[in-house]
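Notes follow once the structure below has been shown.
The values are calculated or read from the model by the stated rules, or taken from the named source; none is laboratory data. What you see is a predicted model; the values in this text were computed from it and never measured. Methodologically, a virtual Cβ is constructed for each residue, glycine included, from the backbone with ideal geometry; neighbour enumeration extends over all protein chains shown. All accessible areas refer to the heavy atoms of the entire protein, side chains included, with ligands and DNA or RNA removed. Shrake-Rupley method; radii C 1.70, N 1.55, O 1.52, S 1.80 Å.
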Amino acid sequence: MTVTPTDPDSAQALATTLITPDGPFTLVCGTGAVLASGWTDDVNRLLPLIHASLRPGRAHVRFLDEEAAPSDGVLAQAVRAVRAYYDGDLVAPATVPVEQVSGPFRSHAWEVLRLVGPGAPVTYAEYAAGCGRPTAVRAAAGACAANAAALFVPCHRVLRSDGGPGGFRWGSDIKDRLLARESSAVG
């Protein structure tokens, strides 16, 4: 997730909304990576999640109907990955590039999170340890909370120490369904 910040006034992005079994899922993609995604049909809920150095102005987001989405480029790759995920290829989103900007720990934590496999959720403590900082449980939880690229950076795969789902920006019901889908497909 190495990033070269851009001028937000000139940043361009493409967006589309897909209909999934868990509800509408919107993608916002820059020229080479997913910038934000989540279970909403309102792109305006996603734009504030994108770091200011990458965030396109609303006027610079070109929203495309799913059928009008390009057949190549990162948006097309992301659309194919989401469809593949819901068709049972649970690792497809991990193949799509993502751009997020933060400090060194959080940036590293997002990279580590992309390695957490479907059907193998971890606790926040295990996640912090996997990031090389076992005592940084709150910082690991903060990385999940600040994640703009849901599904592509699978923060839904991190659970509380007691095995409970913990928080999820898109709702605990969606998190539960994602985890159940992954568990039944892998187990």
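Observations on the model:
- Single residue of Ala145, Ala140, Ala125, Ala81 found to be open to solvent by less than 10 Å² (accessible area, probe 1.4 Å), over 19 Å from Ala185 (Cα atoms) and either part of a loop (DSSP other than H, G, I, E, B) or modelled with pLDDT of 95 or more (or both): Ala140
- Applying a threshold of 9 Å to beta carbon distances and a minimum spacing of six or more residues, or different chains, the list of pairs starting in the stretch 46-68 at a residue that is in a helix (DSSP H, G or I) and ending at one that is modelled with pLDDT of 90 or more and open to solvent by 50 Å² or more (accessible area, probe 1.4 Å) reads Leu47/Arg55; Pro48/Arg55; Leu49/Arg55; Leu49/Arg169; Arg58/Asn44; Glu66/Ile19.
- Residue match in the stretch 22-44 (condition: part of a helix (DSSP H, G or I), open to solvent by less than 50 Å² (accessible area, probe 1.4 Å) and closer than 25 Å to Ser107 by Cα): yes
- Within the stretch 156-170, being in contact with a strand residue (DSSP E or B) (Cβ under 9 Å, 6 or more places away or on another chain) and open to solvent by 10 Å² or more (accessible area, probe 1.4 Å) holds for Arg157, Leu159, Arg160, Ser161, Asp162, Gly163, Pro165, Gly166, Arg169, Trp170.
- Flag for Ala150 being in contact with a Gly (Cβ under 7 Å, 6 or more places away or on another chain), buried (at least 17 other Cβ atoms within 10 Å of the Cβ) and modelled with pLDDT of 95 or more: yes
- Residue that is nearest to Leu113 (Cα to Cα) [pool: residues in the stretch 87-98 that are open to solvent by 40 Å² or more (accessible area, probe 1.4 Å) and outside any loop (DSSP other than H, G, I, E, B)]: Ala94
- Test result for Asp72, open to solvent by 30 Å² or more (accessible area, probe 1.4 Å), among the acidic types (Asp, Glu) and at pLDDT below 95: yes
- Top-ranked residue of the stretch 49-69 - restricted to ones that are among the small types (Gly, Ala, Ser) and closer than 19 Å to Asn147 by Cβ, ranked as surrounded by the fewest Cβ atoms within 10 Å (Cβ to Cβ): Ala52
- Pairs where the first residue, in the stretch 149-170, is among the polar types (S, T, N, Q) and the second is in a loop (DSSP other than H, G, I, E, B) and open to solvent by less than 20 Å² (accessible area, probe 1.4 Å), C-beta under 6 Å, 6+ apart: none
- Residue check for Leu151: in contact with a helix residue (DSSP H, G or I) (Cβ under 6 Å, 6 or more places away or on another chain), aliphatic (A, V, I, L, M) and assigned to a helix (DSSP H, G or I): no
- Within the stretch 101-122, the set of residues being open to solvent by 10 Å² or more (accessible area, probe 1.4 Å), touching a Phe, Trp or Tyr at 6+ places or on another chain (Cβ under 9 Å) and either more than 26 Å from Arg181 (Cα to Cα) or outside any loop (DSSP other than H, G, I, E, B) (or both) comprises Ser102, Val112.
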